[in-house]
1. Might you let me know whether the stretch 84-106 holds any residue that is of a type in the set (Asp, Glu), open to solvent by less than 20 Å² (accessible area, probe 1.4 Å) and not in a strand (DSSP E or B)?
2. Got at least one residue in the stretch 245-262 being touching a strand residue (DSSP E or B) at 6+ places or on another chain (Cβ under 9 Å), open to solvent by 10 Å² or more (accessible area, probe 1.4 Å), hydroxyl-bearing (Ser, Thr, Tyr) and more than 16 Å from the ligand (Cβ to nearest atom)?
3. Glu48: outside any loop (DSSP other than H, G, I, E, B), away from the ligand (no atom under 16 Å from the Cβ), over 20 Å from Val165 (Cα atoms) and without any contact (Cβ under 8 Å) to a residue 60 or more places away in the chain, yes or no?
4. Give the residue, chosen from Glu331, Glu340, that is charged (D, E, K, R) and at pLDDT below 95.
5. Would you kindly identify the helices (runs of 4 or more DSSP H) lying entirely within the stretch 146-243 that contain at least 1 residues that are of a type in the set (A, V, I, L, M) and buried (at least 24 other Cβ atoms within 10 Å of the Cβ)?
6. Looking at Gly350, is it within 16 Å of the ligand (Cβ to nearest atom), under 24 Å from Ala121 (Cα atoms) and buried (at least 23 other Cβ atoms within 10 Å of the Cβ)?
7. What is the one condition in (1) within 16 Å of the ligand (Cβ to nearest atom); (2) without any contact (Cβ under 8 Å) to a residue 40 or more places away in the chain that Lys112 does not satisfy?
8. Look at the stretch 377-399 and say how many of its residues are within 23 Å of Glu150 (Cβ to Cβ) and in contact with a strand residue (DSSP E or B) (Cβ under 7 Å, 6 or more places away or on another chain).
Amino acid sequence: MNERLLRAVDDRVDDLVELTADLIRFPTVNPPGEAYRPCAEYLGARLEKLGFETEFIRAEGTPGDADRYPRVNVVARFDGRSPGACVHFNSHIDVVETGKGWTVDPFAGLVKDGRVYGRGACDMKGGLAASVIAAEAFMEVYPDFPGAIEISGTVDEESGGFGGVAHLAKLGYFSKPKVDHVIIPEPLNKDRICLGHRGVWWAEIETKGEIAHGSMPFLGDNAVRHMGAVLQAFEDELFPALDRKVTRMPVVPEGARRSTMNINSIHGGQTEDFRPGLPSPNVPDSCRLTIDRRFLLEEDLATVKSEITSILERLKRERKKFDYEIRDLMEVLPLMTEREAPVVKAVAKGIMEVFDREPDYVISPGTYDQKHVARIGHIYDCIAYGPGILDLAHRPDEWVGIADMVESAKVMAIGLNVLLRGTTG
Ligand SMILES: [Zn+2]
């Protein structure tokens, strides 16, 4: 058993709370990417005190990077006494906008009733703090450990991760032999292991028309009416078909255990800039629709796309003057780490010891930085595991439970012991 390790975590509860609150006090709101540098520097300084070597990597030229809003990432590494595997904890330091409905200051790091409140408390500064405390406890109990521990604080996860994990992965920070196992402490609940996520395809469909005077619409060709035909076909054929495609992936919530598509936006005709005046009478010559299609391991992207294009092609044959264009905006393939993978087994061991039960294995309905670790870094021994209740993420009065963080840190510390020292106690 890992009693000394668990005690070393318990000894650090105050540190854990303070670190979480401190991290929340940096208002790292994305967009635009506020306070990234001071937050990364704070985390780096904290880890340097423990003996980590730190690097600060600004992702110049990535979306949103500017001198006012530099995309600054921190990667810290501690090499053990002898060679061995490297376990990397990756957390994003960016948070989403606060929105309305808060009853506490979102950036004060308020500690109350066993919880730390604030934007990013659960998603995911609490998880980041738990991983730091787990590493600290492990290093104190086993100072001679082989291998290495890395902790990174990366930016822009909420906007796709291009200036964060994707950028670092392209530079080799998420590849062998530097890194072997990756744990991303996203708020998936303390007793669940997240193995991956569904796939994503975003696209923009544009129907074409011909502008004319609105009093004589027969002289033009209305692009919005063409889009209406597209939407009707989606309702009649596509949505029912997607609903019938169920997956063996254990996606949570269960409603996402099938193919889904969201219509993200639709724009046709004049913009609304005429307000507070009146629009001019025109037949719209363009209508644009963006779709957000989430797909399953059982589906391939080519088929996902052809389901849409075959509808559009059919409308082109059947409907007078129908013409369209379709543009890809984003593609992410679905991912699912095997349950037999070392990092899954190590964290499962920790969950069994701390909670005396088997973990739940889940898949996230949306993507997170694991996609870049796998697709760019080619590290497939990667999971998301961390404290915090997923449903609280991005909501007003976001919080993380202190007891949950402590238990998660214990699980992570045991995971480190299994992965680095090859021992379960
Ligand atoms: Zn997150």
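1. yes
2. yes
3. yes
4. Matching residue, one of Glu331, Glu340: Glu331.
5. Hits in the stretch 146-243: 165-170, 223-233.
6. No.
7. (1)
8. 8
The values are calculated or read from the model by the stated rules, or taken from the named source; none is laboratory data. What you are looking at is a predicted structure, and each value in this text was computed from that prediction instead of being measured. Please note: Cβ atoms are built from the backbone with ideal geometry, for glycine as well, and neighbour counts cover all protein chains shown. When the accessible area is computed, the model is the full protein with side chains, heavy atoms only, and any ligands, DNA or RNA have been set aside. Shrake-Rupley method; radii C 1.70, N 1.55, O 1.52, S 1.80 Å.
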